[in-house]
């Protein structure tokens, strides 16, 4: 089912350090079980997959709440584990530092609708209630706020500032606030359960700020907030740890089409595939990083349907 | 098991026998209800004994559009539940995501002829031409089965209705959506009582939803509901108006050695059914069926593996969404056997006494008259025996989610996507 050598994951993380035939680089010798490359890759892929699923919850019919809740719980679990490993920090750091947003699976703040009022409320994101803060957990986060201009702030968090929980980058999908809020008419008004802040991964260079304005504008006016935080595989990651993490990925590992007979279930993946030439099968492949934010805008426009 | 029948339809979304087993109702994705009737045994045509034929077809629900949210409301029938029969007519409840309807199905085999004011073809007669009075006479006519909506229970559910269940008092019923359960009176459509509400004040904190609910078959104050976290709560309506606090809480402790990121998802209960006796209940999660004794909350008394070979495929099944498939389960009339569906058009039956189990396939070949269903086997090891099918060859698009067992006889109905199969035991 999965490519050679890749041990069956998730079911027993405790086995990982001892796994042989691991195609990845030698696992950090003294590292905890979860830092095994193969396991981390699998976990990352599961995270990516889950976030896609949460994003694409919007079809003509109301999304299945049970499914959304289960997926969101899975994402939380992964996040918790990655937080304990410290790999969460690595990932968010890499994303903040990376320059190019493109081509990849957009995680986060799910495409579900967000009311304009909430989007412009400019309130700070609520602390992520379920995950909470881990002791000694730092991260950097890019927070976009305001409705007029783009204020991009980088905040370095300490456990003492729960307001800007770095975990809040994922507050969107976890709350799946907009998605679920959709269903509750009486709570639409004035209920800022959605993540008002539009977190952005770090496209912070000046030249791209304009684009981010556009990004922000689109999300404000549009009904859907396209995820601005991307989990991706940077072409030249500055962080050696991250590089190690992703260095040895076999793309066919993700070709889950081959696993089951019959056509894979279409719909969400179709959409994603049609939007970008990289379907879910290219989750972590080291495809060249297209640095144009215009691509992202184009994708957004398609999704927003403008 | 021999003698199968196969009917083709739209994608079938629910199957249910009535209390006597004489009628079998199916609901489909297009909002239609098709009712089959068990033909009476006839000396002249003995081969027709026990056949089910179409009795009535009607459109129960239509697609709607929620203008407020700009979303379609599907007309797919999620559940059908029969009411116990009290007179010549039959009543059933059918529901889509938002609206429950009470339908009356009645037969008409007589027609009045000889009206005074109308011609036989219905045209009004000229009153000046009427010179005498006559009494209309009832004449036999071809049997006509009519379905008419008697009650419409709407606007009580914000989320998608997943269950309806008729109470043993025959006057009330409950309907459950993802977060709430309402109690209705069959006569009253403009009001319902909310008896369970698990919606958190802050939707960010939502981590669990209601997946199924059912009334106890004998105790009209008791009902259960299952959750996406693999728990079942039994509630007593006498205890409080709002049954947020359960009377009993059923949960099997997790096996730490098999924990994975998918543990919660596969523990989510897709169906819960009381036994006919009312002493037990059965739950279906992704990989297994569990039988619980209502007096023991900490673990089930029996666990049956439906398709354990899928445990190593969970990641793929998550990717293609199959892991979210909601399989149903059912008891036979005597509670000695249980049945549930699987993939590749397989369905499984477990004998609780002998602990034997069997895998059967619903297919055109198997449903030819007088064909005997052959047991199937999925090979899990390296070597595949002849006639076995390997896990990787299973067709995950062919899933049997809905099955029903006749309340008295060994007759089963199996819905395989858009085909309905009816199998019976023939004892000749």
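Just so you know, all these numbers are worked out from the coordinates, no wet-lab data involved. Here the structure is a predicted model, which is why all the values come from computation and not from measurement. Note that each Cβ is placed from the backbone with ideal geometry, even for glycine, and that neighbours are counted across all protein chains shown.
Round to the nearest 0.05 the FRET efficiency obtained for residue B:418 and residue B:134 when R0 = 56 Å and r is the Cβ-Cβ distance. Don't jump to the answer; show the numbers that get you there.
On the way: r = 51 Å, r/R0 = 0.92.
That pair, residue B:418 with residue B:134, gives E of 0.65.
Quote to one decimal, in nm, the extra length available between residue B:377 and residue B:69 on full extension: 0.36 nm per residue of separation minus the C-alpha distance between them.
That works out to 106.2 nm of additional length.
Mean-square fluctuation check for chain B, GNM, Cα pairs under 10 Å: which of B:51, B:365, B:328 is largest?
B:365
For residue B:388 paired with residue B:336, estimate the spin-label separation in nm (one decimal), with each label point 7 Å from Cα along the Cα-to-Cβ line.
3.1
Work out the FRET efficiency for residue B:351 and residue B:218 from their Cβ-Cβ distance, taking R0 = 25 Å, and round it to the nearest 0.05.
0.55
Determine the shape class of region B:198-341: with a ≥ b ≥ c the square roots of the Cα gyration tensor eigenvalues, call it rounded for a/c under 1.5, and otherwise prolate if a/b is greater than b/c, oblate otherwise.
Details: a/c = 1.96, a/b = 1.22, b/c = 1.61.
Taking the square roots of the gyration eigenvalues as a ≥ b ≥ c, region B:198-341 is oblate.
Set the Förster radius R0 to 22 Å, insert the Cβ-Cβ distance between residue B:298 and residue B:198 as r into 1/(1 + (r/R0)^6), and round the FRET efficiency to 0.05.
Once rounded, the FRET efficiency stands at 0.50.
If all Cα-Cα distances of region A:32-96 are sorted into 5 Å bins from 0 onward, what percent lands in each bin, rounded to whole numbers?
4, 16, 24, 23, 14, 10, 6, 3, 0
Taking chain B as a Gaussian network, where each spring joins two C-alpha atoms under 10 Å apart, which residue of B:73, B:210, B:181 fluctuates the most?
Sorting by GNM fluctuation, first place goes to B:73.
For A:46, B:234, what's the fewest-to-most ordering of other Cβ within 10 Å of each Cβ?
Listing A:46, B:234 from fewest to most nearby Cβ atoms yields B:234, A:46.
What is the fewest-to-most order of B:408, B:386, B:101 by other Cβ atoms lying within 10 Å of their Cβ?
Numbers: B:408 14, B:386 4, B:101 20.
Ranking B:408, B:386, B:101 by Cβ neighbours within 10 Å, fewest first, gives B:386, B:408, B:101.
How high is the relative contact order of region A:32-96, in percent, counting Cα pairs under 8 Å that sit 6 or more residues apart? Show your work: numbers first, answer last.
Numbers: 21 pairs, mean separation 22.6, N = 65.
Relative contact order here is 35 percent.
In what sequence do B:309, B:173 fall when counting other Cβ within 10 Å, fewest first?
On the way: B:309 16, B:173 23.
Exposure proxy ranking, most exposed first: B:309, B:173.
What is the gain in length, in nm to one decimal, between residue B:395 and residue B:364 on full extension, counting 0.36 nm per residue of separation less the C-alpha to C-alpha distance?
Fully extending the segment from residue B:395 to residue B:364 adds 9.6 nm.
Regarding chain B, what's the average projected area of the Cα-atom convex hull, expressed in nm²?
Working: hull surface 108.1 nm².
Reported value for the Cα convex hull: 27.0 nm².
Please give the Cα centre distance for region B:304-365 versus region A:59-89, rounded to the nearest Å.
So the separation of the two Cα centres works out to 28 Å.
Starting from the 7 Å offset along Cα-to-Cβ, what nm value, one decimal, do you get for the label separation of residue B:150 and residue B:109?
For residue B:150 paired with residue B:109, the spin-label model returns 2.1 nm.
Determine which residues of region B:317-345 fall in the zone a paramagnetic label at residue B:425 would reach in this model, i.e. backbone nitrogen under 13 Å from the point 7 Å along Cα→Cβ.
What the label zone holds, given the 13 Å backbone N cut-off, is B:332-338.
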